[in-house]
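Asker: Got a structure for you, questions after.
The values are calculated or read from the model by the stated rules, or taken from the named source; none is laboratory data. This structure is a prediction, so every number in the text was calculated from the model and none was measured. Glycine gets a Cβ as well: all are built from the backbone with ideal geometry, and neighbour counts include every protein chain shown. Only protein heavy atoms, including side chains, enter the accessible area calculation; ligands, DNA and RNA are left aside. Shrake-Rupley method; radii C 1.70, N 1.55, O 1.52, S 1.80 Å.
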Amino acid sequence: MIFRILFVVILFGTPGFSQIKDPDSILEKVKKEFEKIEDYQVDVKIKVDVDFLKMPEREATIFYKKPDKFHIDSENFALLPKSGLNSSPLGFLNYDYKAYYIREDTINGSITSVIKVIPLEVSADVILSTLWVDTQRNIILKVESTRKPQGTFFIDFEYLKTKKGFWLPSSMIFSFTVDRSLYPGKLNKDKESESGKAEKETGYVYLTYSNYKVNIGLSDEIFEDKDAKK
């Protein structure tokens, strides 16, 4: 925690990092916008692109219920962290944090506010997140997050407006680093480094969402751990 505070003081306490916009106000609007959604169900197609790990495209159904219930109806998909499939912005903001406005940026024609979020809780699995927020629609268009133990990953969003007027992801690209040593049976020996150390490669997961059903009164039973009952 001390090192995080020092990092903040050194990086953001210097000239050029003035708080032009209020980052807390921006993030509160994002949270309030998403909190209008009580629950949703959506179909998703999942395509994995990792050089040495061949996986077929998969389909799944994702269920979300306020405030933090999340369930994916598909085969076990351990390669992608659960935080990557859950498109709720609250997953990046559900702890005490300090937010810093960095700059303005443009993504696909949309003007965004770039905000760094640093957790103040020692127990938080997030070390640092950078969010690109569309302040017109109060949605997050891009995320760079460093977590324990996964490391750093990136998420790029595109959105659609549902029939009930909610902005929810239509597609998402999730990029992350994969340690090939974790998949010894899949290793391509010709691509190992000369030093004999396992290579790390960038993997991509492409998600396409369709058939949103929002605020339909999902039952809590959907989110219960069925294995625990056996």
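Asker: Could you list all residues from the stretch 163-174 that are assigned to a strand (DSSP E or B) and either open to solvent by 60 Å² or more (accessible area, probe 1.4 Å) or in contact (Cβ under 8 Å) with a residue 60 or more places away in the chain (or both)?
Answerer: Trp167, Leu168, Pro169, Met172, Ile173, Phe174
Asker: Still on this structure: Is it true that some residue in the stretch 109-117 is in contact with an Asp or Glu (Cβ under 8 Å, 6 or more places away or on another chain), at pLDDT 90 or above, open to solvent by 20 Å² or more (accessible area, probe 1.4 Å) and not in a loop (DSSP other than H, G, I, E, B)?
Answerer: yes
Asker: Restricting attention to the stretch 217-230, and to residues there that are at pLDDT 90 or above and surrounded by fewer than 10 Cβ atoms within 10 Å (Cβ to Cβ), which single residue is nearest to Tyr159 (Cα to Cα)?
Answerer: Gly217
Asker: Right, here's the next one. Could you list, in sequence order, the residues of the stretch 101-115 that are under 16 Å from the mean Cα position of the chain (by Cα) and touching a residue at least 60 places away in the same chain (Cβ under 8 Å)?
Answerer: Ile115
Asker: Step by step: first the residues of the stretch 143-162, then only those that are over 19 Å from Asn94 (Cβ atoms) and at pLDDT 90 or above, then the one that is surrounded by the most Cβ atoms within 10 Å (Cβ to Cβ). Which residue is that?
Answerer: Tyr159
Asker: Restricting attention to the stretch 120-140, does a residue exist that is open to solvent by 20 Å² or more (accessible area, probe 1.4 Å), in contact with a helix residue (DSSP H, G or I) (Cβ under 7 Å, 6 or more places away or on another chain) and under 23 Å from Glu35 (Cα atoms)?
Answerer: Looking for residues that are open to solvent by 20 Å² or more (accessible area, probe 1.4 Å), in contact with a helix residue (DSSP H, G or I) (Cβ under 7 Å, 6 or more places away or on another chain) and under 23 Å from Glu35 (Cα atoms), one finds at least one in the stretch 120-140, hence yes.
Asker: List the residue pairs whose Cβ atoms are under 7 Å apart, where the first residue sits in the stretch 189-213 and is closer than 30 Å to Lys164 by Cβ and open to solvent by less than 80 Å² (accessible area, probe 1.4 Å), the second is at pLDDT 50 or above and part of a loop (DSSP other than H, G, I, E, B), and the two are 6 or more positions apart or on different chains.
Answerer: The qualifying pairs are Val205/Leu80; Tyr212/Thr162.
Asker: Of all residues being within 20 Å of Pro89 (Cα to Cα) and among the charged types (D, E, K, R) in the stretch 34-55, which is most open to solvent (accessible area, probe 1.4 Å)? Just the residue, please.
Answerer: Top of the filtered list is Lys36.
Asker: Can you tell me which residue among Phe77, Phe70, Phe92 is of a type outside the set (S, T, N, Q), at pLDDT 80 or above and surrounded by fewer than 19 Cβ atoms within 10 Å (Cβ to Cβ)?
Answerer: Answer to the check: Phe70.
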